[in-house]
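The values are calculated or read from the model by the stated rules, or taken from the named source; none is laboratory data. Keep in mind the model is a prediction, meaning the values are calculated, not measured. Reconstructed Cβ throughout: ideal geometry from the backbone, glycine too, with neighbour counts over all protein chains shown.
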Amino acid sequence: MTAGHHLVVEGLHASAGGKAVVKGVDLSVSGGEVHVVMGPNGSGKSTLAHALMGRPGTTVTGGSIRLDGLELVGIPAWRRARAGLFLALQQPIEVPGVLLDAVMAEALAPDGSEEPTAERTPAGIEDRLRREAAAIGFDERFLRRALNVDLSGGERKRNEVLQLGVLRPPFCVLDEIDSGLDVDAVRAVARRIESATEEWGLGVVAVTHFHRLLRVLRADRVHVLVEGRIVASGGPELAEELEHTGYAAY
Ligand SMILES: Nc1ncnc2c1ncn2[C@@H]1O[C@H](COP(=O)(O)OP(=O)(O)OP(=O)(O)O)[C@@H](O)[C@H]1O
Ligand SMILES: [Mg+2]
């Protein structure tokens, strides 16, 4: 099942805007696993996602993030992406003037360590974009647009998942990938991510507020983040329970 990849987070502390937000998080995700992070608004879920990816503006103040033994703390986001980590933002940003297929071509460009393959040619990338768009019901017209420009909230989310399918990274961090999606889109996106866990052993850290996503995307572990700390971890039943009880107990 697993491609043998491991993402290990230990004692992670991170601040945003000078404020300590993530206060000692441990996570261990293997290839093919889905870990879900839930928690009240403002508990630090997005900041945790940003810290994992090295988003500028979020500072890691302690701990480590290792991907197959490689320390990611201190290296820039683009190198983390090259190392195999993909981040889908809670609010994907517009990048005027930059076309989606150009971004994919650049991301897939051989970095010297690997042979160029048929899949990495412009035609190969175009083909993958089309297949991925079809899988999640993303209108092909949008492939020709500048990144996220003039796309609706839900279309941007689908665009993130499309990129995930084309890039096929070992790990992804998905920040509320289900927010703003209609019911059918949630199902399609969840199904695509679920199948990726088997297809190439994708490891997933998914932040969500809704149990609905987890009807299709099956969680191996559910973690509850409150005030920057994981206060409970369990199986999928924990997400179910939270749906009914809320976070009052924490
Ligand atoms: N750049 C920043 N400057 C100051 N405070 C920040 C900054 N970014 C985040 N925070 C604060 O850190 C806390 C955690 O924010 P974060 O976005 O990580 O929460 P969240 O768990 O993702 O919430 P939500 O469920 O609403 O998305 C909040 O109190 C937020 O106001
Ligand atoms: Mg958030």
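Looking at (1) in contact (Cβ under 8 Å) with a residue 60 or more places away in the chain; (2) touching a Pro at 6+ places or on another chain (Cβ under 9 Å); (3) not polar (S, T, N, Q), which one does GLY246 not meet, given that it meets all the others?
(1)
For the range 38-55, enumerate the residues that are near ligand 2 (Cβ under 10 Å from one of its atoms) and either in a strand (DSSP E or B) or under 14 Å from the mean Cα position of the chain (by Cα) (or both).
Matches in the range 38-55: LYS45, SER46, THR47, LEU48, ALA49, HIS50.
Taking into account only those residues within the range 56-93 that are assigned to a strand (DSSP E or B) and not hydrophobic (A, V, I, L, M, F, W, C), which is nearest to ligand 2 (Cβ to nearest atom)?
Result: THR58.
Could you list, in sequence order, the residues of the range 210-222 that are surrounded by 23 or more Cβ atoms within 10 Å (Cβ to Cβ), within 16 Å of ligand 1 (Cβ to nearest atom) and not in a helix (DSSP H, G or I)?
Across the range 210-222, the qualifying residue is only VAL222.
Tell me the residue from LEU162, LEU167, LEU181 that is aliphatic (A, V, I, L, M) and either touching a Pro at 6+ places or on another chain (Cβ under 8 Å) or within 16 Å of ligand 2 (Cβ to nearest atom) (or both), please.
LEU181
Among the residues that make up the range 159-167, is at least one of them at pLDDT 90 or above, under 14 Å from the mean Cα position of the chain (by Cα) and of a type in the set (Asp, Glu)?
Within the range 159-167, one or more residues are at pLDDT 90 or above, under 14 Å from the mean Cα position of the chain (by Cα) and of a type in the set (Asp, Glu).
Does any residue of the range 147-158 turn out to be surrounded by 18 or more Cβ atoms within 10 Å (Cβ to Cβ), at positive phi and touching a residue at least 24 places away in the same chain (Cβ under 8 Å)?
Yes, the conditions are met somewhere in the range 147-158.
Would you please name the residue that is farthest from ALA239 (Cα to Cα), looking only at residues in the range 5-37 that are in contact with an Asp or Glu (Cβ under 8 Å, 6 or more places away or on another chain) and either part of a loop (DSSP other than H, G, I, E, B) or aromatic (Phe, Trp, Tyr) (or both)?
HIS5
Is there a residue in the range 151-174 that is among the aromatic types (Phe, Trp, Tyr), farther than 30 Å from ILE65 by Cα and touching a Leu at 6+ places or on another chain (Cβ under 9 Å)?
Checked against the condition, which is being among the aromatic types (Phe, Trp, Tyr), farther than 30 Å from ILE65 by Cα and touching a Leu at 6+ places or on another chain (Cβ under 9 Å), the range 151-174 yields no hits at all.
For the range 5-41, give me each residue that is out of contact with any Ser or Thr (no Cβ under 8 Å at 6 or more places or on another chain) and hydroxyl-bearing (Ser, Thr, Tyr).
SER28, the sole residue that qualifies.
Within the group ILE136, ILE65, which residue is within 22 Å of VAL22 (Cα to Cα), modelled with pLDDT of 85 or more and among the β-branched types (Val, Ile, Thr)?
The match here is ILE65.
So how many residues does the range 1-37 have that are within 14 Å of the chain's Cα centre (by Cα) and within 13 Å of ligand 1 (Cβ to nearest atom)?
1
Could you please find all residues in the range 187-209 being within 16 Å of ligand 2 (Cβ to nearest atom) and either part of a strand (DSSP E or B) or loosely packed, with under 15 Cβ neighbours inside 10 Å (or both)?
VAL205, ALA206, VAL207
Among the residues of the range 96-105, is any free of Cβ contacts under 8 Å to residues at least 40 places away in the same chain, within 16 Å of ligand 1 (Cβ to nearest atom) and outside any strand (DSSP E or B)?
no
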